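The values are calculated or read from the model by the stated rules, or taken from the named source; none is laboratory data. Note that the structure is a prediction, hence the values are computed from the model and not measured. Don't worry about glycine lacking a Cβ; one is built from the backbone with ideal geometry, like all the others, and counts go over all protein chains shown. These accessible areas exclude ligands, DNA and RNA; they are computed on the full protein's heavy atoms, side chains included. Shrake-Rupley method; radii C 1.70, N 1.55, O 1.52, S 1.80 Å.
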Amino acid sequence: MTDTPLQVQFDPSSARFGASRSQKRLEDDRLLTGKGRYSDDLELPGQCWLVLLRSPYAHARVNGVDMAQAARAAGVIACWSSADLRAEGLGHIPFPPLFKRADGSPMAAPLRALLAEGEVLYVGHPVAAIVAQTRAQAQDAAELVSVDYEDLPCVVDARQAVQPGAPLVWPQASGNIAAEAEYGDRAAVQAAFDKAAHVTTVENRNQRVIAMALEPRACAAVHEEGRTTLYTQNQTPTGARELLGAVFKTKPDAFRVRVGDIGGGFGMKTGLTPEDALVCYAARKLGRPVRWRADRAEDFLAAHMGRDQVNKARIALDAQGKILALEVDTLGNIGATPVGSSAIIPLVLGPKVQTTVYHVPLVHYRVRAVLTHPMATGAYRGAGRPEANFLMERLIEKAAREMKLDPVEVRRRNFIRGEQFPYRTHLGDTYDSGNFGALLEKLLAHADWNGFAARREQSKREGKLRGRGLSVYLEWTGAIPTETVDIEVNAEGELTVFSGTQAMGQGLETSYTQLVTEVLGVPAQKVRIVQGDTDRANGVGSVGSRSAFVGGSAVVAAGRRVIVEGRNLAAEALEAAAADVEYREGRFRIAGTDRSIALSEVAARQSNRVFRVSATETPSTPSWPNGAQACEVEIDPQTGQVTLARMASCDDVGRIINHMIVEGQVHGGIAQGAGQALCEEAVYDAESGQLVTGSLMDYCVPRAADLPPLAPAFEESEPCKTNLLGVKGVGELGTIGAAPAVTHAVLDAVGVLDADMPLTPQKVWRLLGETQRERAR
């Protein structure tokens, strides 16, 4: 699908950004020496602690909550149930009403109450809140709360949830379908399958995973002079403030949201949580600061999770391996009480990139968002794009092997070609740029793909099995593509940048400072970045790999606005025409003369000795980062233990601002994708709905020692054409590519066509046994 008009905003002069690519991260000294300020570092005068009593049942009717004994316990200040909050007029945390059911009725799902109302719907659902002088006292008192539960049947698997007679999560959601969407032409796709030379079918489950941010969630609230300040870890502070206004049925500016350092977010720390709202309620009610902190096990139960999709897909090909059509049926398990991102992930974000880097003439997708009795799923690094890319790569790989074709060659034959750009997708989006074939060739050379046979023989001599896998992938970034940045210049020549994006370990302080210094020619020591304070800066926040793509473009636009507006002020001071004034490295000068004035002097002449500018940047369309990864694994056939022997990646992320930061993002993404492929899975007991993998004793995450040395390669010949800098997002790209590459390597080593993640030693060992028995027949 081609010939789409495209508004181009890329400024070729922005190619200079990134000249200081190896610049050290400015935030690291502070963070590594223990000077970071995280939510739980706060010590507030007169503070008390809130603890939540959580449901031990996945589904039960709450017939009564008796808190009398808890209220009399030592140190207890207050106890509340949902009845108390309703009496105070508190509302629910809303989710976007964007979707519909098959009959056209609105999306149906439980309202997200701060405390359970009438029924508990997952293990960990908060039932009562206890506030005491200390956290230990509140925990002790919580054990004294008596709840009359009436146990009800539960369902945890999306496939079981849509079966007739399955326990209902929400009466209005018949069949447990909260919402659904359909795309493409069913009849045309069926006709293509009817005449196809080959059809490949894949059914897989992209398993549920836990976000596992290093820092568990924590928050605190203070109510003073009629306003409430929430201290929390949040990637979207402005959005959290707006949702607080909705819950408390008041104007959002009754709240101030402040965010310090964040020890990892990955999408889980977005929107508003019941705990955030409850500490605000407690602080407003009691007139003193209130804190809450999750234990790791509590976060496992009650923070939203990621993935959990079941896909049935088939692909039609001609005799040469060219794709004719694609059909996908997806069940997205969104859990019991959807968060803001729950439904959009399976219903929109996955389908948006489902064909990835390939030209697929015809598609038909059916997607259903399914309610079940675990905790909700929501944004987690990649959010829908990893699931879609994994499915597409599995189809391509399996089809090639079934047809006895080279998997690399099948990919080459189906790439979107250069002359097809700008390329319009089946969902109406436009890819502005990409050279997928060249990217793959660069990866194959970088990975020494042709040297694999020798390495496999060496592994064989050592008693190991060796396999290799490949993935080619595409990402969509730039969710809600607009951001405003203010820059304030003071009389000392210091520049303060105010941005509504949010740092959470990805190095924004460094990247933004680098952009400002390159636009304005001022020392980095003179630049300060302010984020995470809704009284000082507001915006969409940092989700969907948008920070550099949208936020960075706004930083540059604001820097250029400093020059434009500063030139007018300098012209007035120098008694010259603005057109005759030029700017360089912190000074305005009348061209051809020695008469000049410093940026700091311009600020000093203003009434408050500062001047401030604002710029809003809105890229014309999203960006489409893409890449390829190759993986080699070694397997011990006696134990099924998989070792990642080699990992290579080559990514097109547009212009690179800071090479070190981009490499770090790819490293982390690969680790998370490999973790899902090999070991991570949130497991719920089918009968009780209990979380079986409720601690790090049961839930395995990869460690640094589990990964081989990583040296990512990049392709910068295709800058993004829809934003000021030519950048594309990178934060989620490594995750998207790693899971299919690692999976393919394991399947290649074992000699099977299909297996679901995670490919744990036990699963691999069983697969090896099955293949040996098959060969013996």
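In this structure, Met647 does not satisfy being touching a residue at least 60 places away in the same chain (Cβ under 8 Å) and surrounded by fewer than 21 Cβ atoms within 10 Å (Cβ to Cβ). Residues that are of a type in the set (A, V, I, L, M, F, W, C) and without any contact (Cβ under 8 Å) to a residue 60 or more places away in the chain within the stretch 214-236 comprise Leu214, Leu230, listed in sequence order. Pairing residues of the stretch 754-777 that are crowded, with 18+ Cβ neighbours inside 10 Å with residues that are polar (S, T, N, Q) and assigned to a helix (DSSP H, G or I), at Cβ distances under 9 Å and at least 6 apart in sequence or on separate chains, gives Met757/Gln676; Met757/Thr743; Pro758/Gln676; Leu759/Thr743.
Condition check for Ile656 on (1) among the aliphatic types (A, V, I, L, M); (2) assigned to a loop (DSSP other than H, G, I, E, B); (3) over 21 Å from Trp476 (Cα atoms): one failure, at (3).
The set of residues in the stretch 168-187 that are crowded, with 17+ Cβ neighbours inside 10 Å and part of a loop (DSSP other than H, G, I, E, B) comprises Leu168, Val169, Trp170, Ala173.
Residue check: is Pro97 outside any strand (DSSP E or B), more than 30 Å from Ala68 (Cα to Cα) and open to solvent by 60 Å² or more (accessible area, probe 1.4 Å)? It is true that Pro97 is outside any strand (DSSP E or B), more than 30 Å from Ala68 (Cα to Cα) and open to solvent by 60 Å² or more (accessible area, probe 1.4 Å). Here Arg205 meets the list (1) among the charged types (D, E, K, R); (2) part of a strand (DSSP E or B); (3) in contact with a Phe, Trp or Tyr (Cβ under 6 Å, 6 or more places away or on another chain) almost entirely, failing just condition (3). Scanning the stretch 279-298 for residues that are under 23 Å from His373 (Cβ atoms) and open to solvent by less than 10 Å² (accessible area, probe 1.4 Å) yields one hit, Ala294. Would you check if Lys728 is open to solvent by less than 30 Å² (accessible area, probe 1.4 Å), touching a residue at least 12 places away in the same chain (Cβ under 8 Å) and farther than 12 Å from Cys631 by Cβ? So Lys728 passes the test.
When the stretch 686-718 is filtered for residues that are touching a Leu at 6+ places or on another chain (Cβ under 8 Å) and open to solvent by less than 60 Å² (accessible area, probe 1.4 Å), the ones remaining, listed by number, are Leu691, Gly694, Pro702, Leu707, Pro708, Ala713, Glu715.
In the stretch 578-601, the residues that are touching a residue at least 24 places away in the same chain (Cβ under 8 Å) form Cβ pairs under 7 Å with partners that are open to solvent by 90 Å² or more (accessible area, probe 1.4 Å), at six or more places apart or across chains, as follows: Ser600/Glu492. Only residues that are among the acidic types (Asp, Glu) and either at pLDDT 95 or above or within 11 Å of Val357 (Cβ to Cβ) (or both) were counted in the stretch 410-439, giving 1.
Filtering the stretch 401-443 to residues that are in a helix (DSSP H, G or I) and either open to solvent by less than 20 Å² (accessible area, probe 1.4 Å) or at positive phi (or both) leaves Val408, Val410, Arg411, Asn414, Gln420, Phe436, Leu439, Leu440, Leu443. Out of Val328, Val279, Val259, one residue alone is under 26 Å from Met107 (Cα atoms) and of a type in the set (A, V, I, L, M). It is Val328.
Taking the listed residues Gly469, Gly493, Gly463, the one that is closer than 30 Å to Ala400 by Cβ, open to solvent by 10 Å² or more (accessible area, probe 1.4 Å) and not in a helix (DSSP H, G or I) is Gly463, with no other qualifying. Residues of the stretch 470-529 that are within 25 Å of the chain's Cα centre (by Cα) and of a type in the set (Asp, Glu): Glu475, Glu483, Glu509. Residue count for the stretch 364-384 satisfying the condition of being in contact with a Lys or Arg (Cβ under 8 Å, 6 or more places away or on another chain) and either outside any strand (DSSP E or B) or within 15 Å of Gly673 (Cα to Cα) (or both): 3. Applying the criterion of being assigned to a helix (DSSP H, G or I), at pLDDT 95 or above and of a type outside the set (D, E, K, R) to the residues of the stretch 39-94, the residue that is farthest from Ser688 (Cα to Cα) is Ala87. When the stretch 472-484 is examined, which residues are found to be open to solvent by less than 10 Å² (accessible area, probe 1.4 Å) and either of a type outside the set (A, V, I, L, M, F, W, C) or touching a Gly at 6+ places or on another chain (Cβ under 7 Å) (or both)? Matches in the stretch 472-484: Tyr473, Glu475, Thr477, Gly478, Glu483. Reported count of residues in the stretch 237-278, each being outside any loop (DSSP other than H, G, I, E, B), of a type in the set (A, V, I, L, M), touching a residue at least 60 places away in the same chain (Cβ under 8 Å) and open to solvent by 10 Å² or more (accessible area, probe 1.4 Å), is 3.
Just one of (1) aromatic (Phe, Trp, Tyr); (2) closer than 26 Å to Glu393 by Cβ; (3) at pLDDT 95 or above fails for Phe498. It is (2). Taken together, Ile315, Ile334, Ile345 contain a single residue that is among the aliphatic types (A, V, I, L, M), buried (at least 21 other Cβ atoms within 10 Å of the Cβ), within 20 Å of the chain's Cα centre (by Cα) and assigned to a strand (DSSP E or B), which is Ile334. When restricted to residues that are in contact (Cβ under 8 Å) with a residue 12 or more places away in the chain, open to solvent by 10 Å² or more (accessible area, probe 1.4 Å) and over 29 Å from the mean Cα position of the chain (by Cα), the stretch 109-141 contains 9.
Condition check ((1) under 30 Å from Leu439 (Cβ atoms); (2) open to solvent by 30 Å² or more (accessible area, probe 1.4 Å)) across all residues:
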site	(1), (2)
Ala557	yes, no
Arg567	no, yes
Glu572	no, yes
Ala577	no, yes
Arg595	no, yes
Ala598	no, no
Val613	no, no
Trp624	yes, no
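Comparison of Val162, Val199, Val189 shows that the only residue that is touching a residue at least 24 places away in the same chain (Cβ under 8 Å) and in contact with an Asp or Glu (Cβ under 7 Å, 6 or more places away or on another chain) is Val189. Hey, can you tell me all the residues within the stretch 650-674 that are under 28 Å from Leu768 (Cα atoms) and crowded, with 23+ Cβ neighbours inside 10 Å? Listed by number, the residues that qualify are Ile670, Gln672, Gly673, Ala674. Within the stretch 402-434, the set of residues being farther than 24 Å from Pro719 by Cβ, in contact with a Ser or Thr (Cβ under 9 Å, 6 or more places away or on another chain) and not aliphatic (A, V, I, L, M) comprises Glu402, His426.
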